[in-house]
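Engineer: Handing you this structure, nothing more for now.
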Amino acid sequence: MESELRSIGELARASGLTISALRFYDRSGVLVPALVDPVTGYRWYADEQVAPARLVAGLRRVGMPLAEIAAAVRHRAEPAVLGRLLDAHLRRLEDGLADARRELSRVRALIDPEENPMTTRLVLSHIDLAAAIDAVRFAVGTDPDLPVLSAVLLEAGDDGVRLVATDRHRLAVSRVSGRVDGPPVRALAPVDLVDRVRALLDADAGSAAEAQLRLDGSAVTVTVAGREITGTALPYDFPDYRRLLHGHVTGAPTYRIPVDVPALRATLSGAAPALVREHEGVAVPVTVLGLDDRGALRVLDGDALADDDPGAVRVGVNGRYLLDALDAGDRGQLVLELDGPIAPLAVRRPDDADVFSILMPIRL
């Protein structure tokens with residue numbers, strides 16, 4: 001049989017992986033040999049393992065984490081799943097490049113702050129900017145002990161600005177494309193300034209097609225149709241929200257469920273919470289989401305929880321927070337992404353990967 005198989009050296013030459021890498025991926029369970037000689041310990045591989053080995057080699061070259069390489073190999077015959085994994089890794093690489101550019105810009109400013117001002121100007125659609133604010137405003141924190149969360153993070157990149165808000169229990173992200181003049185920069189806009197900007201965008205919605213946004217790290221200025229609003233950015237470091245994105249919502253979710261938004265909103269508005277949990281001395285109503293026999297989303301009541309299969313999918317969330325996320329994201333169809341009872345729940349627009357929100361689950 002060995003004569004019909006490839007040695008580890010032959011697979012290395014055919015795939016572009018080194019022999020040591022093939023041994024590593026064997027130990028990791030990613031590329032297990034078709035046969036291991038019980039006497040010599042030599043590894044032998046089948047011809048059909050060349051293609052997955054080449055896939056591993058390519059993903060290894062672009063720095064994909066081991067767990068995602070393993071998932072890519074498992075799902076290599078499923079283009080949709082593999083495509084989501086590749087898209088998620090590409091977003092991670094782009095975020096890392098944006099982070100590096102920001103840090104280098106800060107270093108340059110430290111070396112010569114007068115020669116390298118950190119001012120960045122953007123020209124944006126006022127309609128898109130208003131929509132982006134609406135998509136994140138509901139997630140701004142209100143805890144007076146956490147002033148860093150009572151704001152919206154503005155991150156200017158090469159071709160637009162990303163908006164991020166979180167109150168620790170939920171996180172919302174949106175993005176506006178536009179013309180950018182200046183280095184990547186971020187500013188933390190206090191919520192009262194964000195609300196004033198939003199009102200300005202409404203007031204001039206019919207008179208101007210563009211909004212000009214100026215960020216210099218210490219100030220945020222928005223100009224629409226000759227009217228200007230400016231405010232001081234908060235002097236805090238915003239939490240590293242990318243850790244949550246990379247850890248939970250950029251890979252392939254276990255369940256990706258299209259949502260009938262009006263029907264779900266009506267159910268959430270009319271149904272009593274299935275459970276009540278106490279958090280920091282406050283009673284929190286818990287809405288429990290599950291799947292029916294056809295894989296469609298359903299809201300479980302107390303009776304359904306008692307009768308349901310203990311192995312069934314159940315995710316507990318704050319129902320009011322879910323309603324807020326539906327209202328902020330409702331521009332057509334939405335998709336809920338579930339990974340299990342202790343993983344965050346993502347609310348996405350299927351036609352816009354840059355706009356989504358995440359809700360922290362409540363342990364049932």
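The values are calculated or read from the model by the stated rules, or taken from the named source; none is laboratory data. What you see is a predicted model; the values in this text were computed from it and never measured. Cβ: placed from backbone, ideal geometry, glycine included. Neighbour counts: every protein chain shown. Ligands, DNA and RNA are excluded from the accessible area calculation, which covers all protein heavy atoms including side chains. Shrake-Rupley method; radii C 1.70, N 1.55, O 1.52, S 1.80 Å.
Engineer: Using a 1.4 Å probe on the protein chains only, how many percent of the accessible area of region 2-56 belongs to carbon and sulfur?
Structural biologist: 52 percent
Engineer: In Å and on Cα atoms, what radius of gyration and Dmax does region 146-192 show?
Structural biologist: Radius of gyration, then largest Cα-Cα span, for region 146-192: 11.5, 35 Å.
Engineer: Write down the accessible area per residue of region 1-72 in Å², having rolled a 1.4 Å probe over the full set of protein chains.
Structural biologist: I get 55 Å² per residue for this part.
Engineer: In whole angstrom, note down how far apart the Cα centers of region 261-276 and region 20-80 are.
Structural biologist: Cα centres, region 261-276 to region 20-80: 46 Å.
Engineer: Also: Let me make sure I get this right: for region 116-175, a, b and c are the square roots of the gyration tensor eigenvalues over alpha carbons, sorted descending. Under 1.5 in a/c it's rounded, otherwise prolate if a/b > b/c, else oblate. Which is it?
Structural biologist: Verdict is oblate for region 116-175.
Engineer: Add +1 for every Lys or Arg and -1 for every Asp or Glu among the other residues with Cβ under 9 Å from the Cβ of Gly316, and state the total.
Structural biologist: Surrounding charge for Gly316 is +3.
Engineer: Could you compute the FRET efficiency for Asp195 and Glu4, with r as their C-beta to C-beta distance and R0 at 56 Å, rounded to 0.05?
Structural biologist: Result of the calculation: an efficiency of 0.20.
Engineer: Something else about it: Mind checking the full-extension length gain between Ala80 and Leu93? Use 0.36 nm per residue of separation minus the Cα-Cα distance, one decimal, nm.
Structural biologist: Fully extending the segment from Ala80 to Leu93 adds 2.7 nm.
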